[in-house]
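Everything on this sheet refers to the single structure shown next.
The values are calculated or read from the model by the stated rules, or taken from the named source; none is laboratory data. This is a predicted model, so every value here is computed, not measured. Here Cβ is always computed from backbone atoms with ideal geometry, including for glycine, and neighbour counts include all displayed protein chains. These accessible areas exclude ligands, DNA and RNA; they are computed on the full protein's heavy atoms, side chains included. Shrake-Rupley method; radii C 1.70, N 1.55, O 1.52, S 1.80 Å.
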Amino acid sequence: MQIIILAGGEGTRLRPLTADTPKPLVRVLGISAIERLTALLFRSGFGEATIADFYLADKLEKTLGSFSNGIRLSYVREDLPLGTAGCVRKAWNGDDVMVLSGDGVCDFDLPRIIDFHERNDADVTIVSHEVSDPREYGLVTADETGRVIGFSEKPAYDSCLTDLANTGAYIISKDIISRIPENEKTDFASDVFPEVLSSGGRIFTIPEAGIWFDIGDISSLLSCQSVLLDKEKKDYLIFEGSSVGEGTTLSGGSVIEQGATVGRSCRIQSSLVMNGASMGDGCELNRCVICEDVTIGRGVRFGELSAIGSGSVIGSSVTVDPGVKIAPNSKIPAGIRVRRDVTPTGYKLLELGEGGRADGIELTTENLLFLGKAIARAFSQESITVGYSHGSKSMSEALSLGIRSCGTAVYYLNNASFGETVFTARRLKTEYSAYISDGKVRVFRSSSCELARSDERKLCEKYNRADLADSEIAPIINADAERSLYLSELKSVLPINFAGSIVLSSKDQREKEIFSEAISGFDWSAGEKLRFTIGKTVEDTTCEFNGGRLTYEQLLLLSCRSHYSDGENVVLPERAPLVCDEYAKDAGCSVFRLSPSDRGELSQFSFDPLFLIADTVRYLAKREISASVALSELPDICYYHRTARLSKGLPKLLHREFSGNRHGSDIIVESSGARAYVRPLKSGRELRMYVESVSQEAANEICDDIISRLRAHQS
């Protein structure tokens, strides 16, 4: 059996450590990850291994040489990244293969894994391990025998129904390896394994309960360090040849490597100080990493998960905020507070919240320029639509300039509503759009009004790697001509004859302007008075009238019925009320539910409050009924939203308790008189429940039951 060690990744999330060091050479307790692996191979009875490398390959090969811990090493270098399977195919010698990751730390029982593979006559055996946050891993779903039935590669939290992570350690038969195309970028998890599974191949997984850390970021590295020290029953480790001053305290699994110098009266908790670093008196380190040859003055404070790149010089009395990463060879003057990342381009890490909103960065002009570049590079489109609401012009101009500086044209909407922006983007056939309102940027697919998880990862990766060069400036195109069709479309939905009047309340000035212009010339003064209120999102839209109130869900039902009466199908978000489907069936129509990654376009009224209002009024006018009558005809259903915070193990808990309730991206739980859509939010720490029920009591009861079932297993 051939042993192939994958060692070509760049380790971008572990920067600044990996800015000048291959990830496999990152040390834990003074020993690099790949040297720990070769020691494990030797203890398991192996004698040689092939290393597939790429990033900083010269440094890796020079450091390891031809032997490591009794293992003879050979190297196969990629000219261009070929993916996990492509590089294995290049390094293959014709035998069955054991694939191992050179940048993780594990104590796998390799003979046991081989025995399991042979006993099951498997084509592929995947080593899996339970993880606390599954979103950063490929997940494996298996039956009771260990036979794999499905994969999910770095999913969104609402798609995590197991916490068994693919560790990147495999045994693969030579027959499977032979099918991998040569010199083509191919991955095991996304390409090879799904094809083997679909063709009836035998894929098994064997869980390993021992130590396994994919040291992919600062948090994982420090956690691995702490666990290994705890296993040795040590609270800290000071290497020979280092110096620690009087009164300095170390705790929580801290490590001071060889040649490091620590001053007096320092407090070092759960941190790593690497070779050759030196710091003055009175410094405080809290769960952070100081790389090689860093020089630190007196009284410097480092926040949690901060990291200082090699060769940097930090002046006295500096405060480094939590999470800040400082690039190698940076110079920070004395007495300042470092609130943001210091990288070659100086930008803080981007995260995307609900609805594709840009979080984690201060939306300065500089950062908006860089976010625009990241959008252009991530999605590689000829053009992107950008709209903004009142007060956001300067932000939209900076974002647009960033997009254009990477050669992507911008269709630009001055003072537009969100609905106008989406409508115009679809007319112009721009696949991606950005909208700025209330000081926040939202990036989304024009079809679904959200980003797929794969889109989110691309955008964050481009922004956070901070390596986006400019190219020829693309044009900015005024899209007001196309936007004008939005008003025409809205007016075409509104009925000329309506026995009532409308008052609209919205914090969005543009929405009020549009609606006022749309209904100008209509004689809607007589009859029932409807008061529509638009909140922060379309789900907050309501209608009040004498003696009653229509919620967003009820307005959505009326809008659907308006389209059904014309024989039209509708496209709704996944969590839209299921009553919409029942009404569609009665009318001989269909409802299509759209996830962020699906093809198709959401119906405008499902996300645009102005069209929601227009379709509702149109339905009332066509039927010649009042809102009171329309409400009386709707099912007597209570619509209720509730959020619960759960501490840990959410994917595993959902899989254990609700595996039989899966419907698309939702879990649907039903009880007497209530139906709940259960979906984790992107933070991974909260659970959102959307409930349809016959009463508020029934809604509370099903939510309480879901939460109690999950919390009962948290311990």
Rounded percent of accessible protein surface that carbon and sulfur make up, the chain, 1.4 Å probe: 46 percent
Residues whose placed amide H lies under 5 Å from that of Ile206, excluding near-sequence neighbours: Ile126, Val127, Ser128
Cα extents of region 1-159 along the three principal axes, largest first (Å): 45, 36, 32
Helix 393-404 axis, angle to the chain major axis (alpha carbon atoms, nearest 10°): 60 degrees
About the Cα centre, charge dipole magnitude for region 457-572 (Lys/Arg +1, Asp/Glu -1 at Cβ), debye: 360 debye
Rounded to 10°, Cα long-axis angle of helix 418-428 versus longest principal axis of the chain: 80 degrees
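Kirkwood Rh over Cα pairs of region 382-471 into Stokes-Einstein at 25 °C, 0.890 mPa s: D in µm²/s?
For the chosen part, D equals 184 µm²/s.
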Charge dipole (the chain, unit charges on Cβ, about Cα centre) - positive-most of Phe204, Ile172, Cys106: Cys106
Amide H partners (placed H, <5 Å) of Asp96, local residues excluded: Gln2, Lys174
Å³ per residue enclosed by the Cα convex hull of region 450-561: 173 Å³
Low-density loop cleavage sites - GluC sites (Glu not before Pro) in region 437-466, where at most 10 other Cβ are within 10 Å (DSSP): none
Given charges at beta-carbon only (K, R positive; D, E negative), |dipole| of the chain in Debye: 1320 debye
Bins of 20 Å from zero: percent of alpha-carbon pairs in the chain: 15, 42, 33, 10, 0
Highest average packing first - 529-535, 70-76, Cβ atoms within 10 Å: 529-535, 70-76
Using alpha-carbon coordinates, inclination of helix 218-231 to the longest axis of the chain, degrees: 50 degrees
Pairwise centroid distance, computed over Cα atoms, of region 311-332 with region 78-93, Å: 38 Å
Whole-number accessible area per residue in Å² for the chain, which is evaluated in the context of all protein chains at 1.4 Å: 42 Å²
For Val28, distant residues with modelled amide H under 5 Å away: Ala33
Euclidean distance between Cα centres, region 483-518 to region 1-27, Å: 57 Å
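For region 497-630, state the average projected area of the convex hull of the C-alpha atoms over all orientations, rounded to one decimal in nm².
8.3 nm²
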For the chain, with +1 on Lys and Arg beta carbons and -1 on Asp and Glu, the positive-most of Gly588, Tyr619, Leu272 along the dipole: Leu272
Ellipticity estimate at 222 nm from DSSP helix runs (n ≥ 4, -39,500 (n - 2.57)) divided over the chain, nearest 500: -9000 deg cm²/dmol
